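The values are calculated or read from the model by the stated rules, or taken from the named source; none is laboratory data. Just so it is clear, the model here is predicted, and its values are computed rather than measured. Glycine gets a Cβ as well: all are built from the backbone with ideal geometry, and neighbour counts include every protein chain shown. Protein only, heavy atoms only, side chains kept; ligands, DNA and RNA dropped before computing areas. Shrake-Rupley method; radii C 1.70, N 1.55, O 1.52, S 1.80 Å.
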Amino acid sequence: MKNILVTGGSGFIGSHTCLSLLERGYRVFVIDSFENSSEKALEKVLEILKLKKLDLVERLKIFNCDIRNYKLLENVFAEINTSNKKVDGIIHFAGLKSVADSIKTPLEYWQVNVLGTINLLNAMEKFNCQNFVFSSSATVYANQENNLLSEKHPIKAINPYGNTKLTVENLLNDIFNSSDKKSKFASLRYFNPIGAHSSGLIGEDPKCKANNIFPLIINTAMGLQKEFKIYGNDWSTKDGTPIRDYIHIMDLAEAHIEVLENLLNDKSRYLILNIGTGRGTSVLELLKTFENVNNIKVPYVFSNRREGDLGYVVADNSLLKSELNFTPKMSIEDMCRDGWNWKKLNPNGY
Ligand code: NAD
């Protein structure tokens, strides 16, 4: 049985990916500081598995650890080793993710996202692990209106959050090009993950203030805010509102397993991959689909464009299909239904 270390495994993408890993037969070690997540998320993951008659509590171990602290990280690797298990691969989700906060507190973002990753890479080297999957982001791409973004598209981070992601991508490239040639790395550039597991037992529950489109639509539907603001209806898109590439969180989780297995079974490589559906959906379309699928009204208003916003951000996902033979399966309807189901069943989160 392969042992996978998942940092940030209690967070939104991490918890859904832990579920997929456990279902697919891996032993999972989670590192999380619970800075932006609840310890209950992973209890719920085990509950979902129990409903499927899989009692996998023995296969999941959680370490409360801040990746900024190298000594603590080393202790985690050492503890895993003393139980005669070796970390076969790492999926590195732990990080801070708010663009707005990164502009206010860049030092904190560099410390967690860059220094934390350097600590992890050092520990990984010391304990002789080669397989590393990194959560990057589509924010690393330079603006290109109305064209699909392929991995070859020019790169230009325009805020501290994007800078930290790009810096780690570059660091991985430097390590990969160094002499040892053993590394197997992947940087996954996510587009817009939304939705929740269909059970409604796990979903997105950040401690920080929501500022992404989908959680804001949900909050408005819940009556937690009066109206949903659409920033600009004068973009050069079909209905004037910005277009994004939304991917169901369970498709994203599955994509991680495919990437991991590719690394585990292949020779040394550094794979940079878009993880999106290749389908563009406007904000208005997303909102209307949410209303129709869930039979609920979401009041909205148009307001001015915000500085730095983009009109069109959609993945060219042909590499994902050709490299991994993987195509996201879930529709926008699935994402809207599952996301709302999670929130209805857990109005106060975990
Ligand atoms: P999340 O905030 O739900 O999960 C991140 C997890 O990391 C949380 O559980 C948090 O407690 C933990 N964490 C934060 N700082 C830590 C530290 N110093 N030490 C240990 N753990 C720490 O976010 P998410 O949406 O699941 O995103 C996961 C990763 O994917 C992040 O790196 C994020 O930048 C990246 N990403 C997310 C999106 C998105 O839209 N959700 C898009 C692109 C990239």
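Return the tail of the calculated pair distribution for the chain, meaning the percent of Cα-Cα pairs more than 28 Å apart. In whole percent, the share of Cα-Cα pairs in the chain beyond 28 Å is 40. Using only the C-alpha atoms, the convex hull of segment 87-132 corresponds to 55 Å³ per residue. Close Lys pairs in segment 194-280 (alpha-carbon distance under 30 Å; sequence gap of 8 or more, or different chains): 6. Of the accessible area of segment 142-237, computed with a 1.4 Å probe over protein heavy atoms only, carbon and sulfur atoms account for 49 percent. Counting only DSSP beta bridges whose two residues both lie in segment 1-125, roughly 0 percent are antiparallel.
For the pair Lys53 and Asp234, a Förster radius of 56 Å applied to the C-beta separation gives a FRET efficiency near 0.55, rounded to the nearest 0.05. In the calculated pair-distance distribution of segment 65-194, the portion above 18 angstrom amounts to 57 percent of the Cα-Cα pairs. Listed by chain and number, the lysines whose alpha-carbon sits under 17 Å from that of Lys71, ignoring those within fewer than 8 places in the same chain, are Lys126. Label-to-label distance, Asn265 versus Arg24, with points set 7 angstrom from Cα along the beta-carbon direction: 1.0 nm. Stokes-Einstein diffusion for segment 109-265, with the hydrodynamic radius set to the Kirkwood value over Cα pairs and evaluated at 37 °C in a medium of 0.692 mPa s, equals 180 µm²/s. What net charge is computed for the residues neighbouring Leu121, neighbours being all others with C-beta under 14 Å from the C-beta of Leu121, Lys and Arg scored +1, Asp and Glu -1? Neighbourhood net charge equals -1.
Per residue, segment 1-144 exposes 42 Å² of accessible surface when a 1.4 Å probe is rolled over the protein heavy atoms with every protein chain present. Straight-line reach from Lys288: which aspartates and glutamates fall under 15 Å, measuring Cα to Cα and dropping same-chain residues less than 8 apart? The qualifying aspartates and glutamates are Glu227, Asp239, Glu333, Asp334.
Given +1 at the Cβ of Lys and Arg, -1 at the Cβ of Asp and Glu and no other charges, the dipole of the chain around its Cα centre is 260 debye to the nearest 20.
Using a probe radius of 1.4 angstrom, the carbon and sulfur fraction of the accessible surface of segment 289-333 is 45%. What the Cα convex hull of segment 47-114 gives, in volume per residue, is 132 Å³.
Against the criterion of solvent-accessible heavy-atom surface with a 1.4 angstrom probe, Arg306, Arg68, Arg269, Arg189 sort, most first, into Arg306, Arg68, Arg269, Arg189. Rg over Rh for segment 1-114 works out to 1.00, using Cα positions for both radii and the Kirkwood form for Rh. Normalising by residue count, segment 1-67 has a Cα convex hull of 69 Å³ per residue.
Counting lysine pairs in segment 20-66 that sit 8 or more residues apart in sequence, or on different chains, and whose Cα atoms lie under 18 Å apart gives 6. For segment 43-57, backbone phi angles converted through the Karplus equation (6.51, -1.76, 1.60; θ = phi - 60°) give residue-by-residue couplings of 4, 5, 4, 5, 5, 4, 5, 5, 4, 8, 6, 10, 9, 10, 4 Hz, Gly and Pro being listed as x. Shown is the FRET efficiency for Tyr70 and Lys297, computed with R0 = 41 Å from the Cβ-Cβ distance and rounded to the nearest 0.05: 0.20.
For Phe302, the residues whose modelled amide H falls within less than 5 Å of its own, excluding neighbours fewer than 5 places apart on the same chain, are Ile230. Taking a ≥ b ≥ c as the square roots of the eigenvalues of the Cα gyration tensor, an a/c ratio of 1.5 or more together with a/b no larger than b/c marks segment 274-350 as oblate. Of Ser38, Phe63, Asn81, which is farthest along the charge dipole of segment 33-82 in the positive direction, counting Lys and Arg as +1 and Asp and Glu as -1 at C-beta? Final value for the positive-end residue is Ser38. DSSP beta bridges in the chain, what fraction antiparallel, as a percent rounded to 5? So the antiparallel bridges amount to about 5 percent of the total. Accessible area of Asp245 (1.4 Å probe, protein heavy atoms only, ligands and nucleic acids ignored): about 0 Å². Here the contact order of segment 153-300, divided by its residue count and restricted to Cα pairs under 8 Å and six or more residues apart, works out to 33 percent. Straight-line cross-link partners of Lys184 among the aspartates and glutamates, defined as a Cα under 17 Å from its Cα and at least 8 positions apart when in the same chain: Asp88, Glu125, Glu169, Asp174, Glu258, Glu261, Asp266, Glu323.
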